[in-house]
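Undergrad: Dropping the structure in here first, questions after.
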Amino acid sequence: MLLRPRPSLLRSLAPPPLTRACVPARRTLSAAAEAAGTASAGDAAPAPAAPRKNARKLGPPPTQIVKKALFLPPGVEGDAAVTADMVIPGSNIVVGPYAGDARVKEAEFVKSSARARDCPKDDRPEFAVLGRSNVGKSSLINALTRRKEAALTSKKPGKTQTINHFLVNKSWYLVDLPGYGFAAASQSARMDWSSFTKGYFLNRDTLVGVLLLIDASIPPQKIDLDCANWLGRNNIGLTFVFTKCDKVKKGKGRRPDENIKVFQETISGLYPDPPPWIMTSSVTGLGRDGLLLHMSQLRNYWDNEAV
Ligand SMILES: Nc1nc2c(ncn2[C@@H]2O[C@H](COP(=O)(O)OP(=O)(O)OP(=O)(O)O)[C@@H](O)[C@H]2O)c(=O)[nH]1
Ligand SMILES: [Mg+2]
């Protein structure tokens, strides 16, 4: 049976962008951080903490928090009580009832596909890893799967040129995609990128969501905002995954948390509800467990709600 996510699922994960005039209030990282009691615009990236699956049963008396900056996952209603210990550290993501086993027990490379129609044909759910060339897509896949060379990485942009499927726990896929915005690529290569990758997004029935990687060591880039808009317009659910949060340039430039705050402010008017975001580093492992937990709740919801 071919599983198909219900349109309502995709909408709940990626609300379509609105015009600025439609949005009454700004939602920023600092607001999210205050609300979540996790990442703070003035602090360095927080140390990775293992999210607690049964967080609501543990810890000190729960504190009610402001929810307007948080991503409420499927199964958590807008009027539900949300406490700080339900929020994944370094993110705005609330852990809901669909969160499950997030461990990666095994991961194997399955296939490289040059065209969308050559991708594996089965009904297992998948997450696509998307972002600019060199943002750290292949490194993130290696960090999530804890395989040093599962996906090939390179200092030179443009390393990944095909759609690469990695099967995790024999039950779901992580998909490494070619990067966009590779300045040195010829015009025709850039056109090829957009037609073949867009074909993948628009036709892949088993796509649960996109991890849109944003380099936190540099200021926000227009091409990333354009990509987020394109995904939103096409009702494709996304999670902003900030990469390279360990990278602090000496002297000049903003720190990762400052870049993230500017990015949050830039996109704040575009969404009626805050999209999920999380800070990561493939070098330190920051955000790894939290991101896997987030994916587990999207995946389990998709499995349960699929028709
Ligand atoms: N400091 C730091 N460096 C990183 C991180 N993630 C990736 N890098 C480095 O960034 C460079 C590019 O990483 P890749 O994982 O190959 O990037 P990619 O997005 O797959 O690149 P393409 O396949 O060319 O699109 C490599 O030199 C990585 O070591 C991170 O979290 N922190
Ligand atoms: Mg790559």
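The values are calculated or read from the model by the stated rules, or taken from the named source; none is laboratory data. In this text the structure is predicted, and so the values were computed from the model without any measurement. Heads up, the Cβs are rebuilt from the backbone with ideal geometry, glycines too, and the neighbour counts pull from every protein chain shown.
Undergrad: Tell me the residue from SER188, SER171 that is at pLDDT 90 or above, out of contact with any strand residue (DSSP E or B) (no Cβ under 9 Å at 6 or more places or on another chain) and more than 11 Å from ligand 1 (Cβ to nearest atom), please.
TA: Within the list SER188, SER171, the selection yields SER171.
Undergrad: When only residues in the range 260-290 that are among the polar types (S, T, N, Q) and surrounded by fewer than 22 Cβ atoms within 10 Å (Cβ to Cβ) count, which is farthest from ligand 2 (Cβ to nearest atom)?
TA: Residues of the range 260-290 among the polar types (S, T, N, Q): 264, 266, 268, 280-282, 284.
When the remaining residues are screened for being surrounded by fewer than 22 Cβ atoms within 10 Å (Cβ to Cβ), the result is 266, 268, 284.
Details: THR266: 25, SER268: 29, THR284: 20 Å.
Filtering first and then ranking leaves SER268.
Undergrad: To continue, here is another question. Name every residue in the range 119-132 that is out of contact with any helix residue (DSSP H, G or I) (no Cβ under 8 Å at 6 or more places or on another chain) and at pLDDT 90 or above, in order of residue number.
TA: PRO120, LYS121, ASP123, ARG124, GLU126 - these are the residues of the range 119-132 that are out of contact with any helix residue (DSSP H, G or I) (no Cβ under 8 Å at 6 or more places or on another chain) and at pLDDT 90 or above.
Undergrad: Can you tell which of ASN235, ASN229 is away from ligand 2 (no atom under 16 Å from the Cβ), at positive phi and surrounded by fewer than 18 Cβ atoms within 10 Å (Cβ to Cβ)?
TA: The match here is ASN235.
Undergrad: Something else now. Going by the conditions given, is LYS261 over 22 Å from GLY232 (Cα atoms) and either without any contact (Cβ under 8 Å) to a residue 12 or more places away in the chain or among the basic types (Lys, Arg) (or both)?
TA: no
Undergrad: Still on this structure, please answer the following. Just checking, which of SER139, SER154 is under 20 Å from the mean Cα position of the chain (by Cα), within 7 Å of ligand 1 (Cβ to nearest atom) and either under 24 Å from LEU231 (Cβ atoms) or modelled with pLDDT under 95 (or both)? Steps first, answer last, please.
TA: Details: SER154 fails: under 20 Å from the mean Cα position of the chain (by Cα).
After applying the criteria, what remains is SER139.
Undergrad: Give the residues of the range 88-116 that are touching a Gly at 6+ places or on another chain (Cβ under 8 Å) and either exposed (fewer than 14 other Cβ atoms within 10 Å of the Cβ) or not in a strand (DSSP E or B) (or both), sorted by residue number.
TA: Listed by number, the residues that qualify are ILE88, PRO89, GLY90, GLY96, PRO97, TYR98, ARG115, ALA116.
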